[in-house]
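For reference, the structure discussed in these notes is given below.
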Amino acid sequence: MQDSSRPVTGYPVHNVNGCGPPPPATSTTAYPYVNPSPYPYYPAPPPQNPRPTFFRRLFVAFALLLIIFGTILLIFWLVLRPHLPDFSIQSISLSNFNASNQRVNGTWNAQFQVSNPNKKLSIYYGDIVSSVFHKDDFLTETRIGPFVQGTREENSVKASYSVVDSFVEGKVVDAMNGERSRGEIKFNIKVVADVAFRYGGWRGRRRILRVWCYDVALTGSSGKMTGGSKKCSVD
């Protein structure tokens, strides 16, 4: 027999006080969605332009090659140890010399001795110009043919200078005639050459060689004056 005090299943339960069931609880506060992932999210970086990276690598590679080449060249240069050649005047003569009325005539003939002190390097001489000065005043110049000088080699090089009725200042004429009256005239001889050192098939950078032979003294008559040997400075 059923118990009349037991509620029937499937029907709402009435409050014993006669009131309806309380309404469901509602909330007026909204909460943001929380990402359950423990790792933060970062946006992907923008794509990089590959051109700056390429040029940077190219510059670094070029700098490394330049350093390596410079190091090899420095070692090569230190091993060979190039030395400048030695110049001296073996003999010099002056004929038909005359200086008057601000005009100069004369012919100089000089013979140089050129020595290469290097054991492993030969020297190429090209575009050689030699000049004659009285003190600092230019008188004449001539050109000398190019030549190659082997290691530890000595060469005799001749040069001929001529001046015909060339104008010079009166003070230069007076200075030369004053020296000649005392039995001796001094001239300065200059040589400028474009030279390059060579080692087998390798040839170094060209450089300008300057040679000065100061106070080359000549004595004798007006017809012909001669001078002896004279050491020259090279730079």
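FYI, it's all coordinate maths here, none of it is from the lab. Computed from a predicted structure; not experimentally measured. For neighbour counting, all protein chains shown are included, and Cβ atoms are generated from backbone atoms with ideal geometry for every residue, glycine included.
Taking 0.36 nm per residue of separation and subtracting the current Cα-Cα distance, fully stretching the chain between F55 and V129 would add 21.9 nm. Seen through its C-alpha gyration tensor, with square-root eigenvalues sorted a ≥ b ≥ c, segment 131-201 comes out prolate because a/c lies at 1.5 or above while a/b is bigger than b/c. Return the FRET efficiency for the residue pair T71, T226: r is the Cβ-Cβ distance, R0 is 45 Å, and the value is rounded to the nearest 0.05. It comes out at approximately 0.25. Across segment 151-191, the residues whose backbone nitrogen lies under 18 Å from the label position 7 Å along the beta-carbon direction of Q102 are 164-177.
Normalising the Debye intensity of segment 53-134 to I(0), with uniform scatterers on Cα atoms only, and taking log10 at q = 0.19, 0.23 Å⁻¹ returns -0.98, -1.13.
Counting pairs of alpha carbon atoms under 8 Å apart in space and at least six apart in sequence, what relative contact order in percent does segment 70-168 give? Relative contact order of segment 70-168: 30 percent. Spin-label pair T151-D136: with each label point 7 Å from Cα along the Cα-Cβ axis, the two points sit 4.4 nm from one another.
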